[in-house]
Amino acid sequence: AWEAIEKDERRFGKIPDDFREALGIPPAGSMNHGSASRVPKLVLWGTGQPYREFLHVDDLASACLFIMQQPDTALADVGRAASAKQTADAPSSLRPDTYMLNIGTGEDLTIRQLADLVKDIVGFKGDIFWDTSRPYGTPKKQLDVSRLHRLGWRPALSLRDGIEATYRDYLQASG
């Protein structure tokens, strides 16, 4: 997968190092394409243990449209139910009249599980090594999507289906 990023960098220009770090993409040129055995090697940063949540862009668009189509009363009811115990001096983001909603799946997996899933989908036959000397970020990033679920929206694509569709699109676009 990182080989594709390096190929695109040759075509479109280098991704800045600070952006690569924020995305968890190894530094440019860090791919070791194998030793004498010709087995590709991919080095990923951290331990692979932090949890992350992923949402396909089509599901994000679907959720945005769904929310925009909801009557104000439905949004207010969800907000009121979620923050019934809040007081008037609560931050504005916690008051029901702000209609704050997280858009996500409400499901997460470890970075290691994600790497194994991508490896399986793209057919990567090499080895993944974890560089534990590199940062790996917050241990868990998962959204509370209970308000959005109470309104009746759920994502349509599983993570596997979304990655497979994205990979197919990439292969078609890259010829």
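The values are calculated or read from the model by the stated rules, or taken from the named source; none is laboratory data. Worth saying up front: this structure is predicted, and the values here are computed from it rather than measured. Please note: Cβ atoms are built from the backbone with ideal geometry, for glycine as well, and neighbour counts cover all protein chains shown. Heads up: the accessible areas ignore ligands, DNA and RNA and are worked out on the full protein's heavy atoms, side chains in. Shrake-Rupley method; radii C 1.70, N 1.55, O 1.52, S 1.80 Å.
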Discussion item. Can you tell me which residue is least open to solvent (accessible area, probe 1.4 Å) among those in region 157-175 that are within 17 Å of Gly106 (Cα to Cα) and out of contact with any Phe, Trp or Tyr (no Cβ under 7 Å at 6 or more places or on another chain)?
Written reply: Gly162
Discussion item. So in region 92-102, with the set limited to residues that are more than 23 Å from the chain's Cα centre (by Cα) and in a loop (DSSP other than H, G, I, E, B), which one is modelled with the lowest pLDDT?
Written reply: Arg95
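Condition check ((1) open to solvent by 50 Å² or more (accessible area, probe 1.4 Å); (2) within 24 Å of Gly123 (Cβ to Cβ); (3) modelled with pLDDT under 85) across all residues:
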position: Met31; (1), (2), (3): no, yes, yes
position: Ser35; (1), (2), (3): yes, yes, yes
position: Trp45; (1), (2), (3): no, yes, no
position: Tyr51; (1), (2), (3): yes, no, no
position: Asp58; (1), (2), (3): yes, yes, no
position: Ile67; (1), (2), (3): no, no, no
Worksheet, complete the sentence: With the first residue restricted to region 117-135 and required to be at positive phi and modelled with pLDDT under 90, and the second required to be β-branched (Val, Ile, Thr) and not in a helix (DSSP H, G or I), Cβ contacts under 9 Å at 6 or more apart or on different chains are none
Fill in: Output for region 103-145, where each listed residue is more than 17 Å from Leu44 (Cβ to Cβ), within 19 Å of the chain's Cα centre (by Cα) and open to solvent by less than 70 Å² (accessible area, probe 1.4 Å)
Ile103, Gly104, Thr105, Gly106, Asp108, Val145
Worksheet item: Cβ-Cβ below 8 Å, separation at least six or inter-chain, first residue in region 147-175 and over 30 Å from Met100 (Cα atoms), second in a helix (DSSP H, G or I) and open to solvent by 50 Å² or more (accessible area, probe 1.4 Å): which pairs?
Response: Ser174/Lys7
Discussion item. Checking Gln113 against (1) touching a helix residue (DSSP H, G or I) at 6+ places or on another chain (Cβ under 6 Å); (2) farther than 20 Å from Gly152 by Cβ; (3) at pLDDT 90 or above; (4) of a type outside the set (Asp, Glu): exactly one of these is not met. Which one?
Written reply: (1)
Discussion item. I'd like to check something: does region 81-91 contain any residue that is of a type outside the set (Val, Ile, Thr), open to solvent by 40 Å² or more (accessible area, probe 1.4 Å) and either under 30 Å from Pro50 (Cα atoms) or at pLDDT 90 or above (or both)?
Written reply: yes
